[in-house]
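Everything on this sheet refers to the single structure shown next.
The values are calculated or read from the model by the stated rules, or taken from the named source; none is laboratory data. If you're wondering where the values come from, they're calculated on a predicted model, not measured in any experiment. Here Cβ is always computed from backbone atoms with ideal geometry, including for glycine, and neighbour counts include all displayed protein chains.
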Amino acid sequence: MSEYQLEIKQIVDYPRCRIYRQFVQSLINDRSIRISGGSGLFCFTVLCSYANFRTSYRRIDGISYTVYPGEWIVTTKELAQWFRTRFYWQAIEILEKLQKMHLLSFISLNRGKVIKYRITDWRKHNTVLDYNCPCQKDTGFFFMPLSPAAELISTERCSEMDIVLDLWLSTVYNDTQVQGSEVGPVVYLRSGTGSPIVSYSELSARWGISKATVGRVLKHLEELQYIKLISFPGKKGSVIYLQNYLSTMFQISDVLIDKEEVAMVLKIKLTLPAEGFHDNAAPEQEHEVTVSEELSSVSKQHIEIILQKMTKILDSQGLFCFRCPKSKYKLFPLSNDCLGDILQPMYESRDICFGMMVLCGNDKPVRTFELTLSPLDTTSPGRC
């Protein structure tokens, strides 16, 4: 009877996202981003940012109103300014839509001049304080549930402002389960794959707009320095990083995202000749390679095959160092100290791990790769 080790990993997904009121206020005042014809995500976020987290009072036209946690009272004029609607009735229509979706409830007061609304399930996602005190509307933060946000963007065509908020709510930073998040705050649509790469077709279906419009909107947001878009050639897709995310969410300096710093993890199938076998069709030495004396497990013939294979793959990613005649290559073994006494023999018996550094003409390191050669089990059914 064979024995196996069962590894169990819990997949954690967060049901809400922290949003700072100062960030929402900056979006309200940013007239360079259009909000017309939206899905309602921006409007719902604005209403949440004004909702009370404790009981307070507000006086409008000489009348004092009591506002409880999760509620706020606003004039129709203020509401139209938030939503950027030309007429008051257009702002009311947006509230009616949100009410039909059971995201909030509202009533009209003072002959329709005042609106009092209540966010549904506010206490479920936000802390409520029991004492009475004025609530600041331009500082602090609130928690935005992700399920209503996903429901809103799926109802109608998203506006540019809806897209900004959707990207913000979908951003992940320094999560070991999401590739590229250690480089900076990256947009991850929670596909379960752990890869942040997304195509324009996916974004088109998500936002209800054409692929051409997706490209124009993302380019516009990049010009406004809301995002950093990293596109790959062909049908590889794109990766979206958020600008000013760290300074807003964590009050720390933002990182500069560079395409060349985004790590690539590629799995390439190789066919290498057996040791001692000389093939007349084997590739000639084209690259200047320096191999460490400690690395004797990879022959020069195999190294040349690997370099030629990497040249084809990385060319499609926009990296052309392997075709430059001034490039030099240095191969070195990787330290196995972190593997431990038990895992190290297993890795040494099956996988060959080594590092490769690409040097410019003046021996200046420009890129570093970690390469792993793993034998494929060709005897298993379904393997070629």
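Within the stretch 182-215, which residues are small (Gly, Ala, Ser) and buried (at least 20 other Cβ atoms within 10 Å of the Cβ)? Scanning the stretch 182-215 gives a single hit, GLY184. Give me the residue from the stretch 170-206 that is aliphatic (A, V, I, L, M) and assigned to a loop (DSSP other than H, G, I, E, B) and, out of that set, nearest to THR155 (Cα to Cα). Among those that are aliphatic (A, V, I, L, M) and assigned to a loop (DSSP other than H, G, I, E, B), it is LEU189. Here LEU165 meets each of (1) free of Cβ contacts under 8 Å to residues at least 60 places away in the same chain; (2) in contact with a helix residue (DSSP H, G or I) (Cβ under 9 Å, 6 or more places away or on another chain); (3) not in a loop (DSSP other than H, G, I, E, B) with one exception, condition (1). Annotation: of all residues in the stretch 134-162 being of a type in the set (Val, Ile, Thr) and in a loop (DSSP other than H, G, I, E, B), the one that is nearest to the chain's Cα centre (by Cα) is THR155. Counting only residues that are among the hydrophobic types (A, V, I, L, M, F, W, C) and within 21 Å of PRO145 (Cβ to Cβ), the stretch 49-66 holds 2 of them. Restricted to the stretch 144-192, and to residues that are of a type in the set (Gly, Ala, Ser) and in contact with a Phe, Trp or Tyr (Cβ under 9 Å, 6 or more places away or on another chain), which residue is farthest from VAL46 (Cα to Cα)? Top of the filtered list is GLY180. Candidates in the stretch 37-74 are the residues that are in a helix (DSSP H, G or I) and hydroxyl-bearing (Ser, Thr, Tyr); of these, the one that is surrounded by the fewest Cβ atoms within 10 Å (Cβ to Cβ) is TYR50. All of THR85, THR66, THR75 fail the test of being of a type in the set (Ser, Thr, Tyr), at pLDDT 95 or above and at negative phi, apart from THR75.
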